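Participant: If you scroll down you'll find the structure; I have some questions about it.
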Amino acid sequence: MQAENVSKPLFDELRAKSPLISVGILTADLMSLGSELKLMERAGVRLLHVDVMDGCFCPMMTVGPVFVKAVKTSLLKDVHLLIDEPLNKLESYVAAGADMITVQLESCRHIHRVLQALGEMTNANDSDRGILRGIALNPGTPLDVIAPLMDELEMVFLLAVNPGWSGQKFIPSTRLRLRQLKEMIRAAGKDILASVDGGVTRNNIAEVSRMDVDIIVTGSAVFDGKAPLENARFMLSAVGDAAKASQTTSVKQQQGKL
């Protein structure tokens, strides 16, 4: 059985609910993490994003599988591995309860094998759920490198900032890259979630949501130390409004063809 069939139930769930936000946990108050996560659940957040950095692939060191496992939540664990040569480290994150694992394309020699290996693993939270496999591309990485990988992944994340440096702004060319990515996916006849990660704030969430994106990663815009519940609801509302507007436009276009 091919891995894409194993992952199908979880993929179908996210596809049906997209666009979604995936809230980065590392900017939360880790001393009050349980309370912070309950606020996310109350707000209606579905995905919890964990950036795993080893201080080698990018100049920051964050958390590892022990932290991922220690996070107790009903949210899906969306783990982004920004680490060198992740192949032999995948099992520890799967065992820690990752539901979605995204690997940096630039981080290893054998990215195809990494995706294959992930496809052979079983979700520790629910064996029927499957594990969604993703790749992330740095802003300077050409999109055509994903062409040979499309049979082995369910998600592509375009980084809208360079990973590992704080305070960066959303790179405007991400809009064009996202449009080109969607065209590549359609031309290949695939159904792959197209996602954006980095530089998303309260000020630009509405604009980013209108880019025909499936998952939007945001962190400090939610966990600003002041009002995480209100911030999460604000971000979700912006995404929902964009989705409704897109549906209305699609209906009008279809009616115009009749």
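The values are calculated or read from the model by the stated rules, or taken from the named source; none is laboratory data. Source: prediction; values computed, not measured. Note: ideal-geometry Cβ built from the backbone for every residue, glycine included; neighbour counts use all protein chains shown.
Participant: Report every pair of residues separated by at least 6 positions or lying on different chains whose Cβ atoms are under 6 Å apart, first residue within segment 182-202 and in contact (Cβ under 8 Å) with a residue 24 or more places away in the chain and closer than 24 Å to residue 9 by Cα, second of a type outside the set (A, V, I, L, M, F, W, C) and surrounded by 14 or more Cβ atoms within 10 Å (Cβ to Cβ).
Facilitator: 193/214; 194/182; 194/214; 195/214
Participant: It is to be established whether one or more residues within segment 71-82 are polar (S, T, N, Q) and over 18 Å from the mean Cα position of the chain (by Cα).
Facilitator: Narrowing segment 71-82 to residues polar (S, T, N, Q): 73-74.
Then keep just the ones that are over 18 Å from the mean Cα position of the chain (by Cα); that gives none.
No - not one qualifying residue is present in segment 71-82.
Participant: Another one. Taking segment 90-111 as the search range and keeping residues that are in contact (Cβ under 8 Å) with a residue 40 or more places away in the chain and among the hydroxyl-bearing types (Ser, Thr, Tyr), which one is farthest from residue 75 (Cα to Cα)?
Facilitator: The selected residue is 107.
Participant: Turning to a different aspect of this structure: Is segment 57-64 home to any residue that is buried (at least 22 other Cβ atoms within 10 Å of the Cβ) and outside any loop (DSSP other than H, G, I, E, B)?
Facilitator: In the first step, residues of segment 57-64 are kept if they are buried (at least 22 other Cβ atoms within 10 Å of the Cβ); the result is none.
So far as segment 57-64 goes, no, none of its residues is buried (at least 22 other Cβ atoms within 10 Å of the Cβ) and outside any loop (DSSP other than H, G, I, E, B).
Participant: Mind checking whether some residue in segment 77-85 is free of Cβ contacts under 8 Å to residues at least 40 places away in the same chain and part of a helix (DSSP H, G or I)?
Facilitator: No, segment 77-85 contains no residue that is free of Cβ contacts under 8 Å to residues at least 40 places away in the same chain and part of a helix (DSSP H, G or I).
Participant: While we're looking at this one, here's another question. Just to confirm my filter: which strands (runs of 3 or more DSSP E) fall fully inside segment 118-230 and include at least 1 residues that are among the hydrophobic types (A, V, I, L, M, F, W, C), at pLDDT 95 or above and in contact with a His (Cβ under 9 Å, 6 or more places away or on another chain)?
Facilitator: Numbers: elements: 132-137, 155-159, 193-197, 215-218.
Of the strands (runs of 3 or more DSSP E) lying wholly inside segment 118-230, those with at least 1 residues that are among the hydrophobic types (A, V, I, L, M, F, W, C), at pLDDT 95 or above and in contact with a His (Cβ under 9 Å, 6 or more places away or on another chain) span 132-137, 155-159, 215-218.
Participant: State all residues of segment 7-29 that are under 20 Å from residue 238 (Cα atoms), of a type outside the set (D, E, K, R) and in contact with a Lys or Arg (Cβ under 7 Å, 6 or more places away or on another chain); if no residue qualifies, say none.
Facilitator: 20
Participant: Further, regarding this structure: List pairs: first residue in segment 20-32 and closer than 26 Å to residue 193 by Cα and in contact (Cβ under 8 Å) with a residue 12 or more places away in the chain, second residue of a type in the set (S, T, N, Q) and surrounded by 24 or more Cβ atoms within 10 Å (Cβ to Cβ) anywhere in the structure, Cβ distance under 7 angstrom, at least six positions apart or on different chains.
Facilitator: 21/218; 23/218; 24/218
Participant: (1) assigned to a strand (DSSP E or B); (2) in contact with a Lys or Arg (Cβ under 7 Å, 6 or more places away or on another chain): which one isn't true of residue 97, the others all being true?
Facilitator: (1)
Participant: A follow-up question, please. Kindly provide the set of residues from segment 91-124 that are among the polar types (S, T, N, Q) and in contact with a strand residue (DSSP E or B) (Cβ under 8 Å, 6 or more places away or on another chain), ordered by number. Can you show your working first?
Facilitator: Going through segment 91-124, the residues among the polar types (S, T, N, Q) turn out to be 92, 102, 104, 107, 116, 122-123.
Answer for segment 91-124, where residues must be among the polar types (S, T, N, Q) and in contact with a strand residue (DSSP E or B) (Cβ under 8 Å, 6 or more places away or on another chain): 102, 104, 107.
Participant: If you go through segment 101-115 one residue at a time, do you hit one that is within 16 Å of the chain's Cα centre (by Cα), within 19 Å of residue 21 (Cα to Cα) and either assigned to a loop (DSSP other than H, G, I, E, B) or of a type in the set (Lys, Arg) (or both)? Walk me through how you get there before you give the answer.
Facilitator: Residues of segment 101-115 within 16 Å of the chain's Cα centre (by Cα): 101-105, 115.
Filter again for within 19 Å of residue 21 (Cα to Cα), leaving 101-103.
Subsequent filtering for residues that are either assigned to a loop (DSSP other than H, G, I, E, B) or of a type in the set (Lys, Arg) (or both) retains none.
No: segment 101-115 contains no residue that is within 16 Å of the chain's Cα centre (by Cα), within 19 Å of residue 21 (Cα to Cα) and either assigned to a loop (DSSP other than H, G, I, E, B) or of a type in the set (Lys, Arg) (or both).
Participant: So residue 59 clears everything in (1) in contact with a strand residue (DSSP E or B) (Cβ under 7 Å, 6 or more places away or on another chain); (2) closer than 20 Å to residue 158 by Cα except one condition, right? Which one?
Facilitator: Unmet for residue 59, out of (1) in contact with a strand residue (DSSP E or B) (Cβ under 7 Å, 6 or more places away or on another chain); (2) closer than 20 Å to residue 158 by Cα: (1).
Participant: Quickly run through segment 131-143 and pick out the residues that are touching a residue at least 40 places away in the same chain (Cβ under 8 Å) and over 16 Å from the mean Cα position of the chain (by Cα).
Facilitator: Matches in segment 131-143: 143 only.
Participant: Somewhere in segment 24-42, is a residue within 16 Å of residue 134 (Cβ to Cβ), in a strand (DSSP E or B) and modelled with pLDDT of 95 or more? Lay out the reasoning, then the answer.
Facilitator: Of segment 24-42, the ones within 16 Å of residue 134 (Cβ to Cβ) are 24.
Restricting the remaining residues to those that are in a strand (DSSP E or B) gives 24.
The next check asks that each one be modelled with pLDDT of 95 or more; those that pass are 24.
Yes, segment 24-42 has at least one match.
Participant: Working only within segment 164-197, note down all residues that are crowded, with 17+ Cβ neighbours inside 10 Å and either of a type in the set (Ser, Thr, Tyr) or touching a Phe, Trp or Tyr at 6+ places or on another chain (Cβ under 8 Å) (or both).
Facilitator: 174, 193, 195, 196, 197, listed by residue number.
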